[in-house]
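K.L.:
One structure coming up, written as structure tokens, with questions to follow.
What follows draws every value from the coordinates through simple rules; no lab data is involved. Not measured: the values here are computed from a predicted model. In this analysis, Cβ positions are derived from the backbone assuming ideal geometry, glycine residues included, and neighbour counts consider all displayed protein chains.
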Amino acid sequence: MPNTTQQDYYETLGVKNDATEDEIRKAYRELAHKYHPDKTGGDQAAEEKLKEINAAYNVLKNAGKRKEYDQQRAFGTMQGFGGFDFSGASAGGGDFADIFSSLFGGGAQAQAYAAARPGRNLQARLKVSLKDAVSGTSKTLRIRRDELCPDCKGSGAAPGTSLITCPDCGGAGHTNSRGNGMFQMRQTCPRCRGAGEAVASPCPKCSGSGHTRARREIAVTIPPGVDEGTRLRIAGEGEAGYHGGPRGDLYVQIEMEKDPFFVREGRNLICEVPITFATAALGAKITVPILDGVAKVKVQPGTQNGTLLRMRGMGLPSLSGASRGDEIVKVLVEVPKKLTRDQVKLLKDFDGQLPASSHSLREKFGKLLAKLRSTS
Ligand SMILES: [Zn+2]
Ligand SMILES: [Zn+2]
């Protein structure tokens, strides 16, 4: 009896997918008994139900039919089809190729040859100085990339020859193969890449690829505010496309050159400035580097090593145009390494004349040390 509803035979019988023959028979007997007209008094719905039960049992009781149904069921589930008229197609095992091809929409027409594909994107690195990163600049980048072959203009066909129907796929753009048993696999034709047309005689210059390598110089505009790792996209400067497809893009990764003076910290610039011991003690106006030149900054008498001097608004501008950061001068007091005998004498005399209070840290430290000695 043909069953055209979208019923699941296992569900109909209330058994698991891996039910044994005995379990199936037992389930069937119980259901057949329950829905028998003698029991239901000729109820219409019960009669329909009994038909479904019989249909399900007719398939599942037969190992061969059950196997085919299982495969079909797996396929139906995969494709979102709940069921199908199995009993009509089962005779002789059946050839499912027709069903498959109709489900897949038959042999799809080959795409036009203009299976245009965009070219690949390219990556490049560019080193920029701090100054250029801050104010923006333009630079020339030298790269090698795929260009359309000048001889065949990218078609891959030898000049004067034309395209033929792809001999590998007969113009379909894909090849079919039977996997293990049921499943038919469709693959894009590797020769024509789905286009259905192929080159009869390849262009000698590019061996039919349609592309040749070339060196190019690209002008890169670097906007102000870039930093280490900033990625700039330059549209349409990647590899040439295929069959009229657009060029890929060029991505430029910014690398910062090490600056001789500055370390960047957000919008602030840190600059270490060495001064002499005498300058630190006496104070002075010293010259320090700034982003676009030099400036004077005042060192107070008695300035300690590591003192930070803040120069407001001398740092980096923000991308949004808000207030600039600061330049922070870190003072390094450099102790002389080589002294003449006279200098040593002078320094010793000088040191001997100093009261303990002129070195407040040292004085505090000395007192703590004395305490430690008296207790140990
Ligand atoms: Zn060519
Ligand atoms: Zn092909």
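K.L.:
Give me the compactness ratio for the range 122-256, meaning the Cα radius of gyration over 2.2 N^0.38 Å.
P.N.:
Against the empirical 2.2 N^0.38 Å value, I get 1.50 for the range 122-256.
K.L.:
Related question: In straight Cα distance, which lysines are under 22 Å from Lys205, not counting same-chain residues fewer than 8 positions off?
P.N.:
Answer for Lys205, where 22 Å is the Cα cut-off: Lys153, listed by chain and number.
K.L.:
How would Met256, Met185, Met314 line up from fewest to most surrounding beta-carbon atoms within 10 angstrom?
P.N.:
Exposure proxy ranking, most exposed first: Met185, Met256, Met314.
K.L.:
Can you give the Rg/Rh ratio of the range 262-334, where Rg is from the C-alpha atoms and Rh is the Kirkwood radius?
P.N.:
1.02
K.L.:
Of Lys39/Lys61; Lys26/Lys49; Lys139/Lys258; Lys285/Lys345; Lys34/Lys65, which pairs sit farther than 20 Å apart, going by alpha carbon to alpha carbon?
P.N.:
Values: Lys39/Lys61 24 Å; Lys26/Lys49 17 Å; Lys139/Lys258 18 Å; Lys285/Lys345 29 Å; Lys34/Lys65 25 Å.
Over 20 Å apart, Cα to Cα: Lys39/Lys61; Lys285/Lys345; Lys34/Lys65.
K.L.:
While we're looking at this one, here's another question. Treating the Cα atoms of the range 320-376 as identical point scatterers in vacuum, please give the log10 of the normalised Debye intensity I(q)/I(0) at q = 0.17, 0.28 Å⁻¹, two decimals.
P.N.:
Debye output, listed in q order: -0.86, -1.08.
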